[in-house]
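Right, one structure below, let's go through it.
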Amino acid sequence: MNRSFAAAALACGLLLIAPGAYAQDGPGRGERGKSTVDAVRGCSGAGCDGADPVELHCSGDAQTVYHYSTSLGRLELRHSPGCGASWARITGAEEGTWFYVQTCNGRYAQSYRVPRGYTNAYTDMVPGYSGIRVGNLAGHSPCRGLEDSVPG
């Protein structure tokens with residue numbers, strides 16, 4: 001096989017890889033469209049509500065604050081101290097699994113379905129870190145904050 005044909009075949013193969021396939025947290029808002037928040041400046045607290053944590057670079061300092069296992073996958077409450085916001089991540093789920101992150105006072109909530117071809121995904125962010133829970137159709141965690149942190 002000559003080099004130009006091999007290079008073209010490799011390039012075509014790379015184009016067929018699903019978007020977000022290399023994202024550490026799995027697919028999220030980036031698969032659904034751009035956030036209205038300016039990705040260059042990031043966000044903070046309430047300004048992060050509904051924004052993608054990877055797109056806004058909030059996942060860089062993120063930690064798993066709490067994890068909760070259900071029959072539909074392992075849910076994690078992820079928090080970024082730098083952005084002052086949290087989101088849910090699910091691993092080991094089937095495509096189509098619906099999951100969410102919610103402030104326990106009901107003021108903020110974000111949900112997402114695991115896209116076709118994936119077993120991991122994450123939601124958009126909600127502001128803060130205390131009084132937040134994650135869940136799916138199989139149940140939800142109690143309201144948690146950083147005081148209940150577990151090793152990530």
Just round it to a whole percent: the fraction of Cα-Cα distances in segment 83-135 exceeding 15 Å. 41 percent
Please give the solvent-accessible surface of TYR68 in Å², to the nearest 10, using a probe radius of 1.4 Å with every protein chain present. 60 Å²
Separation in nanometres of the label points that stand 7 Å from Cα toward Cβ, at THR119 and ALA138: 1.3 nm
Go through LEU56, LEU72 and list them by solvent-accessible area, largest first, probe radius 1.4 Å. LEU72, LEU56
Simple spin-label model, 7 Å along Cα-to-Cβ: ALA109 to THR64 in nm? 2.5 nm
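The values are calculated or read from the model by the stated rules, or taken from the named source; none is laboratory data. The structure displayed is predicted, hence computed values, not measured ones. No Cβ is skipped: glycine too gets one built from the backbone with ideal geometry, and neighbour counts run over all protein chains shown. All accessible areas refer to the heavy atoms of the entire protein, side chains included, with ligands and DNA or RNA removed. Shrake-Rupley method; radii C 1.70, N 1.55, O 1.52, S 1.80 Å.
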